[in-house]
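Trainee: I have a structure here, written as structure tokens, and I will follow up with some questions on it.
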Amino acid sequence: YVLEGRVNELICVNGTWQRYTSLSCVPVDCGEPYIPYASISCPDGFQYGDKCNFNCKAPSRLQGDVSTIQCDSEGTWSLPNSFCQIHCKAPSVTDDARLITKACKRGYHGLGKVCKFKCEKEFHVAGKSNFRKIYKLECDEDGLWKGESCVPITCPAPDIVFKGLYICSDLFNVGSTCTMICPDNPVTQAINCGIDGTWNNSFSICKSSLAGSCPTVAESTKVKFNCHGDQCEVDCFLPEAVAIVNGHSNKVRGRLASITDSHQDKGPVRQITCSVLLEWTPEPETITCKAECSKASIADGLCQADYNTEECSWDGGDCCKSTVFDGIVLSIPSTCGKPCNCLDPNAAENRTYKHNLKASKKKSRSRLITLSRYAWKQSFPRKSR
């Protein structure tokens, strides 16, 4: 037991002892114990002499023979003779790499253990050069091996001008053969992807039977195309926006299938190129501009299609006469058209009201009418006092 109280004193007053403060003896309490990576059971409690048992939580394993601790007279738990240690099972074998650290090939391995691997012949370390083969995995607190991995070595895509004219036996992977047939020449051209991730040759430009140029790029309300010869620079009217491919083409490209969509660039579009088939790649109609709502551009008196959305509060009301602050809608660009229409469902232009109209010689009937701001004022004039 331990003495509990603020002051351990008795004071003599008029020949009698007066208790200055209440004192009492209470059992020693060790408090709830904690053992890393373990679940603990204390059926009798946490006081002097009580015992607790612990079990290791997966993926940890018990190191030692005794899994019991006891509360001592000092109010502390006895040091356990065993402990729980995180372990990772020996890393599994994969088809793209082999384990080169012999000590890691079997059994269990403790937290922080590092094992080395080497990518197989046609693979390299992800995110590194094609010549990087060695990588490491480390056992972490989840009992899992964390680190790098191997990916197939690939060759770069052929020049975009040839898109639609070639077909590949195995995408752009090592050993793949890409074959191209020009529309004006029955002789095929073939290139092979080597083990170092380079092509053994390059496609030749088809001869002039495909004379001409790509069609004029149609104007867009969101995307700007600045064309020079067989290339067009792509930009957005809004400075905060980025041009992206956000659609699918229905065109049938030439006689051969082009590479799969999974190998197309999903990032920002900087330019489009006129291919040998005299088609723009990527197609202008599949390009759009995506912009985040800019506080500086919302409710600034200018209606912009990119901000005329529910997420951007309908450009802060700039696209409706009834909500823009001066009653005049100014669109950017001026040819914006439908995307800059008043789309806010709560604007007066788009609200539908149920209004009772009485005819002098006909029965009253209810009908739905859509009122513009002007019509609303005319229908409900203020009463003069």
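Trainee: Inside the stretch 34-87, can you point out the residues that are small (G, A, S) and within 22 Å of V2 (Cα to Cα)? Full working, then the answer.
Mentor: First, pick out the residues of the stretch 34-87 that are small (G, A, S): 38-39, 41, 45, 49, 58, 60, 64, 67, 73, 75, 78, 82.
If the condition is that a residue be small (G, A, S) and within 22 Å of V2 (Cα to Cα), then G45, G49, S73, G75, S78 are the ones that fit.
Trainee: Same structure, new question: Among the residues of the stretch 1-15, which ones are surrounded by 10 or more Cβ atoms within 10 Å (Cβ to Cβ), assigned to a loop (DSSP other than H, G, I, E, B) and at pLDDT 70 or above?
Mentor: Correct list: Y1 only.
Trainee: Next question, about the same structure. Under 6 Å between Cβ atoms, which residue pairs at least 6 apart in sequence (or on different chains) link something in the stretch 336-351 that is touching a residue at least 12 places away in the same chain (Cβ under 8 Å) with a partner that is basic (K, R)?
Mentor: What qualifies is A348/R373.
Trainee: What number of residues in the stretch 153-166 are surrounded by fewer than 20 Cβ atoms within 10 Å (Cβ to Cβ) and at pLDDT 90 or above? So that I can check it myself, show each step before the final result.
Mentor: If we filter the stretch 153-166 for residues that are surrounded by fewer than 20 Cβ atoms within 10 Å (Cβ to Cβ), which is where we start, we get 154, 156-161.
Still in the list and also at pLDDT 90 or above: 154, 156.
Total satisfying the criteria: 2.
Yes or no, residue by residue, for (1) exposed (fewer than 15 other Cβ atoms within 10 Å of the Cβ); (2) hydroxyl-bearing (S, T, Y); (3) on the phi > 0 side of the Ramachandran plot:
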| site | (1), (2), (3) |
| --- | --- |
| C52 | no, no, no |
| Q63 | yes, no, no |
| I69 | no, no, no |
| D72 | yes, no, no |
| C84 | no, no, no |
| P91 | no, no, no |
| A97 | no, no, no |
| T101 | no, yes, no |
| Y108 | no, yes, no |
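Trainee: If we only count strands (runs of 3 or more DSSP E) wholly inside the stretch 26-104, which ones have 2 or more residues that are touching a residue at least 40 places away in the same chain (Cβ under 8 Å), of a type in the set (A, V, I, L, M, F, W, C) and touching a Ser or Thr at 6+ places or on another chain (Cβ under 9 Å)? Give the steps one after another, and end with the answer.
Mentor: Working: elements: 38-41, 51-56, 60-63, 68-70, 83-89, 97-99.
Ranges flagged: 83-89.
The values are calculated or read from the model by the stated rules, or taken from the named source; none is laboratory data. Only a predicted model underlies this, so the values are computations on that prediction, with no experimental measurement involved. When we count neighbours, we look across all protein chains shown, and the Cβ atoms used for this are built from the backbone with ideal geometry, even at glycine.
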